[in-house]
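Q: Structure in structure tokens, see below.
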Amino acid sequence: MSGPEIVLRGGRVIDPESGFDAVADVAIAEGRITQIGAVSPAGPSANLPDGPADVDAAGLVVTAGFVDLHSHVTDLPGMRLQALDGVTTALELEAGASPAEAAYRRAAAEGRPTNYGFATSWAQARMGEVAGFANGGTLADFLGRLGDPRWQRPAQAAELSAVLSRLAADLADGALGIGVLLGYAPAVDPGEYLQVAGLAAEAGVPTFTHARDLIEMVPHAAIDGAEEIVRAAGQTGAHMHYCHVNSTSQRHIDRVLGLVGRAQAAGAQISTEAYPYGSGMTAIGAAFLAPERLGERGLVPSSLTFAPTGERVASADRLRELRRDQPGGLAIIELLDENDAADRGLLMRSLTFPGAVVASDAMPLTWTGPADPLAWPPAASAITHPRTAGTFSRAVRLLTRGDEPLGLAQALGKCSLRPARLLEARVPAMRRKGRLAAGADADVVVFDPATLTDQATYTDSTRPSAGIRHVLVNGTFVVRDGSIVPDARPGRPVRAEPR
Ligand SMILES: [Zn+2]
């Protein structure tokens, strides 16, 4: 190997794994970090047409890029907003994708600025095997079908075995686990979920669950959504990852985390994630957004803002109309009140819970005018949930500047090392991510700790985070001097090696 291609010089280097936290140079060559310490100037490199890059990082933090376990983004501007928030790997694990191989192929053909990967999708497997819908299609197609009761009904034995075979085939193709949108299909038999978890246990990969309704919301539910995840971990031995505890638990976050904590203490493999916003966002056709069901979550029609039109939903009749005509249109849903101290406390506890990781639930842009996905920055007619652009900067800010602040290395670990560790047992690439050490993948974020903050809001949702100076993915700049590098597509696939 020749000399370094890039040297990030004199920054405060933080490695969440070793605890290394000191001023040092970081040398990068051939997509990996090659040296940390005092590094001589970068030499000429065949990989960099503009010559060697010696980057002054004095006063900046240099650390591992963020690994997002929960990103639904498939559009270039969405990925760029995530990169500008420090994300170097964005994985679609909760909804997932089936056939997974087709999703990997599409991402490779398009080229992505950030690393990518997919779990298989229980919902899409059911859409094929239970509802008979055609495979594939876009995310918009998928969102449009999400509220369709035909895929949500209890399965016959033959249908269930077809669903399980399809999930198994995707796992054999390298899918990172099984995404289970259970909360979108409340009529599904709890026994089916246990079989899906059993399949994950056999393959040695996690499940990523959007929980069923909690018993406080739906007293007649077949099973409490949190108990169901905990039970599956205990009965099958699978690693059950509990997606966005903040949004599905609402004001029951403490009860849910208490339950998870006791199960973890008893040896169950359960992990949790959260994003630091009080509102959620999903397809307006979702089962739990039916007008007659809003009360279960303490919602009214006007708790929903319909993204394609920007309107607050005025009435139950208007909600019915939107669900009928545009069921895949995304709506922002007020679940917790960010202006309320008690609700902010709940959000913080979902982030500070031991082992909890930061995950964004990032959403693709919704275009309220003509779509122009190649324009950068995105036009004002493009909107999303602020979590797409701001989750990681916001989480680091809140975790390090509150009443009981975490150390910076600890907060960063929730964004990089911990999510990588959740996957690394069966995903070799994850053993080289989430670390800032020689031999690690050169997925690096360089930021100004004094100015790092989210800037996206519900009314200005595509405003990139501030303070992120440089982002490298596999040793290639995707953000340089705070700006997107237009043609950079260094993202690589991340795949599992199932048992
Ligand atoms: Zn979800």
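Q: For the stretch 429-443, in order, what is each residue's ³J(HN,Hα) by Karplus, 6.51 cos²θ - 1.76 cosθ + 1.60 with θ = phi - 60°, in whole Hz (x at glycine and Pro)?
A: 4, 6, 6, 10, 10, x, 10, 10, 8, 4, x, 6, 4, 7, 9
Q: Could the peptides 299-309, 177-187 be put in order, highest first, of the mean number of other beta-carbon atoms found within 10 Å of their residues? Intermediate values should be presented prior to the final figure.
A: Details: 299-309: 17.7, 177-187: 24.5.
The most tightly packed comes first, giving 177-187, 299-309.
Q: So for the stretch 357-499, averaging the separation of alpha carbon pairs under 8 Å that are six or more residues apart and normalising by length, what relative contact order in percent results?
A: Numbers: 226 pairs, mean separation 30.6, N = 143.
Computed value for the stretch 357-499: 21 percent relative contact order.
Q: Where in the stretch 286-321 is the amide nitrogen less than 18 Å from a point lying 7 Å along the Cα-to-Cβ axis of Ala380?
A: 308-311
Q: Something else now. Peptides 323-331, 116-124: what's the order by average Cβ count within 10 Å, highest mean first?
A: 116-124, 323-331
Q: Also: Could you tell me the relative contact order of the stretch 190-237? Use alpha-carbon pairs under 8 Å, at least six residues apart, and round to a whole percent.
A: 45
Q: Now for a different question. Determine ³J(HN,Hα), in whole Hz, for all residues of the stretch 91-100 in sequence, where each value follows from phi through the Karplus function 6.51 cos²θ - 1.76 cosθ + 1.60 and θ = phi - 60°; x replaces Gly and Pro.
A: 10, 9, 10, 7, 6, x, 8, 9, x, 5
Q: Next question, about the same structure. Among Thr352, Gln326, Ser381, pick out the residue whose Cα is farthest towards the positive end of the charge dipole of the stretch 324-382, where Lys and Arg carry +1 and Asp and Glu carry -1 on C-beta, about the Cα centre.
A: About the Cα centre, the residue reaching furthest to the positive side is Thr352.
Q: Further, regarding this structure: Provide Val396, Val87 in ascending order of the number of other Cβ atoms located within 10 Å of each residue's Cβ, fewest first.
A: Val396, Val87
Q: The stretch 203-243 to the stretch 255-305: how many Å between their Cα centroids?
A: 12
Q: Can you give the relative contact order of the chain as a percent, counting alpha carbon pairs under 8 Å and 6+ residues apart? Write out the running numbers ahead of the final one.
A: On the way: 1219 pairs, mean separation 106.2, N = 499.
21 percent.
Q: How large is the convex hull of the Cα atoms of the chain per residue, expressed in Å³ as a whole number?
A: Roughly 133 Å³ of hull volume per residue.
Q: Sticking with this one: Per-residue HN-Hα couplings for the stretch 301-307, Karplus 6.51 cos²θ - 1.76 cosθ + 1.60 at θ = phi - 60°, whole Hz, x for Gly and Pro?
A: Karplus values, whole Hz, x for Gly and Pro: x, 6, 6, 9, 10, 7, 4.
Q: Take each of the peptides 376-382, 282-288, average the number of other beta-carbon atoms within 10 Å over its residues, and list them starting from the highest.
A: Highest mean packing first, the order is 282-288, 376-382.
Q: Given H placed on each backbone N at 1.01 Å, which residues far from Arg32 in sequence or on other chains put an amide H within less than 5 Å of it?
A: Amide H neighbours of Arg32: Ala442.
Q: Report for the chain the percent antiparallel among DSSP-assigned beta bridges with both residues inside it, nearest 5. Could you put the intermediate results ahead of the total?
A: Details: 40 of 69 bridges.
Counting DSSP beta bridges with both partners in the chain, the antiparallel share is about 60 percent.
Q: Among Leu93, Leu171, what is the fewest-to-most ranking by other Cβ atoms within 10 Å?
A: Leu171, Leu93
All of the numbers you see were taken from the coordinates with simple rules; none came from a lab. Here the structure is a predicted model, which means the values were calculated and not measured. Positions of Cβ are generated from backbone atoms using ideal geometry, with glycine treated the same way; all protein chains shown enter the neighbour counts.
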